[in-house]
Every structure is written in C-alpha cells, then in structure tokens.
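Worksheet: the structure to be examined is printed underneath.
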Amino acid sequence: MHTLKLTAHSFILIFITAAVEMPASAADPINEMAAKLEPTRVVVYKKVGDRELHLNIFEPAGHKASDRRPCFISIHGGGWTGLSPRRQYPFAAHFAKCGMVGISVEYRLVKPNSGVTVFDCVKDGRSAVRYVRAHAAELGVDPQKLIANGGSAGGHVAAGTALFEGVDEAGEGTSVSCVPNALVLYFPVIDTSKEGYGNAKIGERWQEISPLHRVKPGVPPTIIFHGTGDTVTPFKGAQAFHDAMLKAGNRCELDVHEGGKHGYLLFDRALYEDTLRKTEAFLKSLGFLKQAAE
C-alpha cells in the first residue's frame, strides 16, 4: 500500500455550490474547520495514466491495523468540476472522533479538454469504495460496515457506488463489491434529467447515471438531507427518489429542511452540527456507531 508523508499546509477554499461560485466573503464555517485539519495519512487507491488518486484518511485515536472499525467514506461536491477533498475533511475527521475510520476521496474532475466525464467521476468513486473493502485488513476497517457519503455532486458519486452497476474502470477487477453498506447523502444530485441537475454535462447517456432512474430493490439503507428551497438540485428529485426507494422495499429516510437552499448545512454551524447528530443516529440504528464524537 502506497502511503505519502504529509507536509503541513493551510489554505481556505472558496466554496462552489454546484456550478455557482459563492463570493469569498460568504460565511463558510466548514472551510474554516477544513483549513485546520490534516489527515493521519494519504494512500494512493488508483492510478489513471500518470495520475495518482488519493484517499485522505483520518484515523481515530489508538487505531491499529488489527481493528475492524466502520468506515465513513466522504466525497466532495462542486458540480463534478471543482473543489477538492479538503472540503470533506470536517466530516471525515468528525466520524474518526466517533471511533470510525474517516476518509475523504480525491477523484478526477471534469475540466475543458481534459477528456474526463461525469462517468469517470463515478468510476473513481466506485474504485475508492472497492479499494477500501479490498484493503480492509490493512486499513483496520470492517469491510461490511462501509458508509458512502457525499454532498451535491459528491452525493451523486456516493449514490453511484450502490446504483450504477457496470460503470467501472476498464480493466479494474470487480470481484470485490463497491456497494457500500449504507448511504448518507447531503443535498445530492439525485436526478440528472432535464428536471434535475447535470443533464447538459452528462449528455444523452444521462439515464445510466441518474440515481432516481436507477432505483432497484436491495439498495443499502439510505438517509438524504435536502432543503425545499434548493434550486440547484431540486427538492422534488429527492422526494421522488425517497418514494421510489420505499416502493422498491428499501430503507430510505428523508430529512427535510424547510426553505433550505443548496448546501444549507455548510453555511450554518448549528445546521451542520444538527446534521451530524442526525447522521450519527442513523448510523447507530444500523449498528455502525456506538459512541458520539469526543
């Protein structure tokens, strides 16, 4: 397993809500927290050409490889085109304090002339979960207690680890499942039709990677946090996904924030902490979490 030695660095990212850039003066407590955090270690989980993709790992105090801890795998948003893994550091670090292994995933971004598509973003997310499960013994995690989490486009990639069967990197072994054991989705891109978000970025094959249109029986237990005032990833998509999940016999909870705009929980510390408490309660109900953060 390839591990990188970290060097200290501190910077504050400007948050991008999907494709919309927020002004630098916008209050953003998550970025303020993220700037002060560093992972325990960084591991290469995939190479594409000469590009290495990393898992930023936050380990709980006293963690050792012989442990079998649940793992909270978090994927950043940014419309598949922006932001970085640092955006999810506060989430990964929080659940490490709860006794889990927390991971923030780096994945390829869609950039002009890069050749990268949204399908590649999905492939990377699936590769990341597959890597964690395949290397569970080295990472000290329980391969049957993996939680895929993400916000906005990261929520889409997280959902894709469970829903988009066959969207895998060419040549990658798929004998190890990339389907997580639970999904925690924050204001996710959940409908990629013209009624939702991302249709123009994805193109005519949008239905292949639209969570709403890929619901089936046997999807892992899922909780979605979404605001009714979200005009980026419209709330009606989250409601429709929730209803489709229940109809298919899956467990799905929808936490509704009345009037909440896209990314609402990232700009209000109280809402952020409330979301963490509710996420903890959901994970406790699955037997994945025993202690609260210290």
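Computed from the coordinates by the stated procedures, all read-outs in this text should not be read as laboratory data. It should be emphasised that the depicted structure is a prediction, and the values quoted were computed from it without experimental measurement. Because the Cβ atoms are built from the backbone with ideal geometry, glycine has one as well, and the counts that use them run over all protein chains shown.
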Linear extension gain, Lys111 paired with Val48, 0.36 nm per residue minus alpha-carbon span = 21.1 nm
Kyte-Doolittle cut-off -0.5, length cut-off 20 Å along the helix's own axis using Cα: show which whole DSSP H helices in the chain pass.
-> 118-134
Computed, not fitted: 222 nm per-residue ellipticity of the chain from DSSP H runs ≥ 4 (each -39500 (n - 2.57)), nearest 500, equal to -8000 deg cm²/dmol
So, in nm, how far is label Arg269 from label Asp243 when the simple model puts each one 7 Å beyond its Cα toward the Cβ?
-> 3.9
Dipole magnitude of the chain about its Cα centre, charges +1 at Lys/Arg Cβ and -1 at Asp/Glu Cβ only, in debye to the nearest 20?
-> 480
Order of Ser210, Ser114 under a 10 Å beta carbon neighbour criterion, fewest first | Ser114, Ser210
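State the antiparallel share, in %, of DSSP beta bridges confined to the stretch 3-285, rounding to the nearest 5.
Taking every DSSP beta bridge with both residues in the stretch 3-285, the antiparallel ones total about 35 percent.
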Any idea how far apart Glu165 and Asp67 come out in nm if each label point goes 7 Å out from Cα toward Cβ?
-> 3.4
Taking the simple approach of a point 7 Å from Cα along Cα-to-Cβ for both Glu195 and Glu258, what is their distance in nm?
-> 2.5
